[in-house]
Amino acid sequence: MPSWPEFMPDPVFRQIQIGAPVGSVLRSNMDTGPAKQRRRFTAAPRPVALLFSPITAFDLARFEAFFEVELAYGALAFDMVHPVTDAQARFRFVAGDDAYGSRPIGLDAYQLSVRLELLP
């Protein structure tokens, strides 16, 4: 199992976003009366958005190599310390063109944003 790269700094704490479990409740509207709801499964992934800033161009290139080679372009899960609880947890990137993004914020300084799922 791959692990999050040790060279990456801690995420910016004020920018950590952890959402509710995705799709864990199924809702059915009734012809009359209140809608019915039930749990679909016992465990569901949770969306997590993190921001890392600043990182160097060298570290950004190393991150991209980790994403492309070790994670097969984000297809594989990896272990990482949870940004809030400090417990070891399993994550994966959310599939799509916006799994991560970077932008320059200064001379040899970049901001990296990632969209992950915390796996049950």
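Derivation of every value follows stated rules applied to the coordinates shown; laboratory data play no part. Bear in mind the structure is a predicted one, so any value in this text is a computation, not a measurement. As a convention, Cβ positions derive from the backbone with ideal geometry for all residues, glycine included, and neighbour counts pool all protein chains shown.
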Only unsatisfied item for ASP59, checking (1) more than 14 Å from LEU119 (Cα to Cα); (2) under 15 Å from the mean Cα position of the chain (by Cα); (3) charged (D, E, K, R), is (2)
Could you please tell me which pairs satisfy a Cβ distance under 7 Å, a separation of 6+ or placement on different chains, a first residue in the stretch 33-60 that is more than 17 Å from MET8 (Cα to Cα), and a second residue that is of a type in the set (S, T, N, Q) and surrounded by 15 or more Cβ atoms within 10 Å (Cβ to Cβ)?
-> ARG39/SER24; ARG40/SER24; PHE41/SER24; ALA44/SER24
Do you know which of the residues in the stretch 30-55 that are of a type in the set (Lys, Arg) and over 17 Å from ARG92 (Cβ atoms) is surrounded by the fewest Cβ atoms within 10 Å (Cβ to Cβ)?
-> ARG38
Scan the stretch 86-96 residue by residue and report those that are part of a loop (DSSP other than H, G, I, E, B) and on the phi < 0 side of the Ramachandran plot.
-> ALA87, VAL94, ALA95
Odd one out for ARG27, checked against (1) free of Cβ contacts under 8 Å to residues at least 12 places away in the same chain; (2) surrounded by 11 or more Cβ atoms within 10 Å (Cβ to Cβ); (3) over 18 Å from the mean Cα position of the chain (by Cα) = (2)
